[in-house]
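Undergrad: Handing you this structure, nothing more for now.
The values are calculated or read from the model by the stated rules, or taken from the named source; none is laboratory data. In this text, all values refer to a predicted model and were calculated from it rather than measured experimentally. We place every Cβ from the backbone using ideal geometry, glycine too, and count neighbours over all the protein chains shown.
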Amino acid sequence: MTLRLFDSATRAVRDFVPLVEGRVGIYLCGATVQAPPHVGHVRSSIAFDVLVRWLRRTGYQVTMIRNVTDIDDKILAKAADAGVPWWAWAMANERAFTAAYDALGVLPPDYEPRATGHVPAMVELMTQLVDTGHAYRSGPGDVYFDVRSYPAYGALTNQRLDDIVETSDEPADGADKHDPHDFALWKSPKPGEPDTAAWETPFGRGRPGWHLECSAMARRYLGDSFDIHGGGLDLRFPHHENELAQSRAAGYGFARYWLHNGWVTQGGAKMSKSLGNGLLVSAVLAQTPAAVVRYALTAVQYRSMLEWTDGTLAEAAATWDRLSGFVARAAEKVGAADAAAVASAELPADFVAAMDDDLNVPAALAVVHEVLRAGNSALARGDDEAVQAAMVELRGMLDVLGLDPAGEQWGSARSDDREARALDALVGAELAARAQARAAKDFATSDAIRDRLGAAGIVVEDSKDGARWTLAARDEES
C-alpha cells in the first residue's frame with residue numbers, strides 16, 4: 001500500500017507521489033512569536049513530526065522547513081506594552097517555542113527561517129507581482145495583491161470571491177485598496193512604531209505582510225514547486241489561500257499537497273489566548289512528564305479536533321505507564337534492544353497500513369496495544385524469545401510516533417539519569433532488607449517495608465526470581 005494523504009486543496013485522499021522520487025520537501029507554517037506557546041500551538045508541530053518520522057522510516061529523504069514569523073502587529077504592540085525592543089520580545093518567545101519543541105521530542109527542522117532574515121526575497125517576489133499587474137502600490141510603503149487579477153482565488157478553500165468576507169488587511173494612513181478583498185504584501189509603518197521595524201524598498205519604507213513571508217521563504221528553500229505545505233486548520237483562510245494565489249500568480253507551482261491539522265479545543269472552542277483558554281506548555285510540563293503530553297497530542301488522527309479535558313492527561317499517563325512499564329520489564333528480563341535493531345525492526349502490516357492511511361494514528365495505536373498484550377503474556381509465561389520480539393516491535397512502532405520509551409528522548413540515553421540511579425539504589429536497599437526479614441520470618445518488618453514503598457508510589461512484585469519494583473501507574477497513586 002502506498003502512502004495516501006488528505007489534500008485540503010482537492011478535499012480528497014490522494015496517493016502521495018513526490019516531485020522527485022525518494023525525496024520530499026515540506027514547508028510548515030511555524031510560530032508567530034508574539035507570546036510563549038500553549039498546548040494548541042504545539043499540536044501542529046507534533047502532527048507534522050509524525051509525518052516526517054513516517055516518511056523517513058519508509059525510506060524518503062525529507063527536507064523539512066518550519067518558519068518563524070518574528071515581526072507583525074501583535075509582536076510590536078506587546079513589546080511596546082512591555083517596554084522592550086520588539087526583536088528581543090520575539091526572540092524570547094522563539095526560544096520558548098524551541099524549548100517546547102525540544103521537550104516534546106519534535107525533531108528539529110532542516111532549516112527554520114525567520115521572516116526578518118528574508119526581506120530581499122520578499123521584495124523580489126513583490127516586485128514580480130507588481131510588474132505583472134497582480135499587485136499595486138497603494139501609498140508609500142503600502143503594496144496590495146489584486147485578487148481580481150487571479151481568477152482562481154478561493155480555490156484552496158472552495159469559496160467564490162464575491163462570497164468571501166473582507167480580509168483584515170486594512171489600508172494604512174488612508175491608502176485605498178482596489179477591492180476590499182485585496183491583501184497586504186507590504187505595510188507602511190504605523191505612527192509610534194520603532195524605526196527598526198521597517199525596511200527600505202522600491203515601494204517605500206515598511207515591513208512585510210504575513211502572507212508574503214511564507215511564499216518567499218518556501219521558494220527560497222524548496223524551489224518553485226514542492227511537495228507538501230502544512231499548518232493548522234485555521235490557516236487555510238486567509239493565510240494559505242493568499243500564499244497560493246500570490247505564488248501561482250507569480251508563475252510558481254508552489255505546493256502540490258496541502259495538509260491541515262485539527263485544533264486543540266476546550267469546551268468545543270479552539271484553544272487560544274484570546275478566549276482565555278490557553279494552557280501554556282511550560283505550565284503543563286511543570287506538572288506532567290513531557291512524554292505524557294506528547295502521547296496525548298499524538299494519539300488522535302492529525303485532522304481530528306482534540307478536546308482537552310481534565311481527563312486528557314490522566315488517560316495519556318495511564319497508557320504511557322503501561323507502555324513504558326512493559327519496555328522496562330522486558331529489558332530487565334531479556335536485555336535492552338539497541339537503537340539499530342529498533343530502527344530496522346519490521347513493523348506489523350496492520351500498523352503500516354494504518355500509517356499509510358492518512359496517518360491514522362488511532363488505528364496504528366490499536367496495533368501497538370495488541371503487541372503490548374502479547375508481550376505481557378510472554379513475560380507472564382517466561383517466553384524470553386517472544387518477549388524480545390514484542391519489545392523490539394513495540395519500540396519500533398512507538399519510535400515512528402516519537403514515543404519510544406527507551407529511545408534517546410525518553411529512555412536511559414538521556415544525559416542525566418542520576419535521579420533514576422539514586423532511586424534504584426535506595427529501593428534496592430529496601431528490598432534487600434525486606435528479603436532478609438522474610439528469610440528470618442519477620443513478616444511484620446517485611447510488610448512494613450512493602451507498605452512504606454507502596455506509600456511512596458512503588459509497586460513490589462514477588463516472583464520465583466525474587467522481588468522487583470516498578471512505579472505505580474498515576475491513576476493508582478493516592
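Undergrad: For segment 433-447, does any single residue satisfy the condition of being among the small types (Gly, Ala, Ser) and at pLDDT below 70?
TA: No, every residue in segment 433-447 fails to be among the small types (Gly, Ala, Ser) and at pLDDT below 70.
Undergrad: Could I ask something else about it? Exactly one of (1) without any contact (Cβ under 8 Å) to a residue 12 or more places away in the chain; (2) farther than 25 Å from HIS260 by Cα is unmet by GLU124. Its number?
TA: In the conditions (1) without any contact (Cβ under 8 Å) to a residue 12 or more places away in the chain; (2) farther than 25 Å from HIS260 by Cα, GLU124 misses (1) alone.
Undergrad: Just name the residue that is farthest from ARG256 (Cα to Cα) out of those in segment 212-230 that are part of a strand (DSSP E or B) and touching a strand residue (DSSP E or B) at 6+ places or on another chain (Cβ under 6 Å). Give the steps one after another, and end with the answer.
TA: Taking segment 212-230 and keeping what is part of a strand (DSSP E or B), we get 225-230.
Now narrow it down to the ones that are touching a strand residue (DSSP E or B) at 6+ places or on another chain (Cβ under 6 Å): 226-230.
Numbers: PHE226: 6, ASP227: 5, ILE228: 6, HIS229: 8, GLY230: 11 Å.
Applying the filter and picking the extreme gives GLY230.
Residues checked against (1) among the charged types (D, E, K, R); (2) within 23 Å of ILE228 (Cα to Cα); (3) in contact with a Cys (Cβ under 9 Å, 6 or more places away or on another chain):
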site: ARG14; (1), (2), (3): yes, yes, no
site: VAL52; (1), (2), (3): no, yes, no
site: ARG57; (1), (2), (3): yes, yes, no
site: ALA88; (1), (2), (3): no, no, no
site: GLY105; (1), (2), (3): no, yes, no
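Undergrad: While we're here: Whether any residue in segment 219-227 is over 25 Å from GLY30 (Cα atoms) and in contact (Cβ under 8 Å) with a residue 60 or more places away in the chain is what I want to check.
TA: no
Undergrad: Now for a separate question. Does segment 196-211 contain at least one residue that is at pLDDT below 95, in a loop (DSSP other than H, G, I, E, B) and either within 30 Å of LEU19 (Cα to Cα) or of a type in the set (Val, Ile, Thr) (or both)?
TA: Among the residues of segment 196-211, at least one is at pLDDT below 95, in a loop (DSSP other than H, G, I, E, B) and either within 30 Å of LEU19 (Cα to Cα) or of a type in the set (Val, Ile, Thr) (or both), which makes the answer yes.
Undergrad: Can you tell me how many residues within segment 333-392 are within 21 Å of TYR295 (Cα to Cα) and outside any helix (DSSP H, G or I)?
TA: Adding up the residues that qualify gives 6.
Undergrad: Additional query: Scan (1) farther than 30 Å from VAL13 by Cα; (2) buried (at least 18 other Cβ atoms within 10 Å of the Cβ); (3) touching a Gly at 6+ places or on another chain (Cβ under 9 Å) for the single condition ALA290 breaks and write down its number.
TA: All conditions pass for ALA290, except number (2).
Undergrad: Now for a separate question. Where the second residue is modelled with pLDDT of 85 or more and not acidic (Asp, Glu) and the first is over 20 Å from GLY325 (Cβ atoms) and lies in segment 448-461, which pairs have Cβ atoms under 6 Å and are six or more apart or on separate chains?
TA: ILE449/ARG434
Undergrad: Moving on. Quick one: GLY335 ticks every box in (1) surrounded by fewer than 18 Cβ atoms within 10 Å (Cβ to Cβ); (2) of a type outside the set (A, V, I, L, M, F, W, C); (3) on the phi < 0 side of the Ramachandran plot except a single one, so which number is it?
TA: Against the list (1) surrounded by fewer than 18 Cβ atoms within 10 Å (Cβ to Cβ); (2) of a type outside the set (A, V, I, L, M, F, W, C); (3) on the phi < 0 side of the Ramachandran plot, GLY335 comes up short only on (3).
Undergrad: Is there a residue being within 21 Å of LEU365 (Cα to Cα) and in a helix (DSSP H, G or I) anywhere in segment 272-291?
TA: Yes, segment 272-291 contains at least one residue that is within 21 Å of LEU365 (Cα to Cα) and in a helix (DSSP H, G or I).
Undergrad: In addition: Go through (1) touching a Gly at 6+ places or on another chain (Cβ under 7 Å); (2) assigned to a loop (DSSP other than H, G, I, E, B) one by one and return the number of the condition HIS240 breaks.
TA: Looking at each condition in turn, HIS240 falls short on (2).
Undergrad: I would also like to ask the following. What is the number of the single condition among (1) touching a helix residue (DSSP H, G or I) at 6+ places or on another chain (Cβ under 7 Å); (2) under 18 Å from ALA198 (Cα atoms); (3) of a type outside the set (Lys, Arg) that VAL123 does not meet?
TA: Only one criterion is unmet by VAL123, namely (1).
Undergrad: Among the candidates ARG256, ARG248, which residue alone is assigned by TED's automatic domain parsing to the domain that holds VAL147, among the basic types (Lys, Arg) and under 29 Å from PRO180 (Cβ atoms)?
TA: Details: ARG256 fails: under 29 Å from PRO180 (Cβ atoms).
Going through ARG256, ARG248 in turn, just one is assigned by TED's automatic domain parsing to the domain that holds VAL147, among the basic types (Lys, Arg) and under 29 Å from PRO180 (Cβ atoms): ARG248.
Undergrad: I need every pair where a residue in segment 242-271 that is within 21 Å of ALA299 (Cβ to Cβ) has its Cβ under 8 Å from the Cβ of a residue that is part of a loop (DSSP other than H, G, I, E, B) and among the basic types (Lys, Arg), sequence separation at least 6 or different chains.
TA: These pairs meet every condition: HIS260/ARG303; ASN261/ARG303; GLY262/ARG303.
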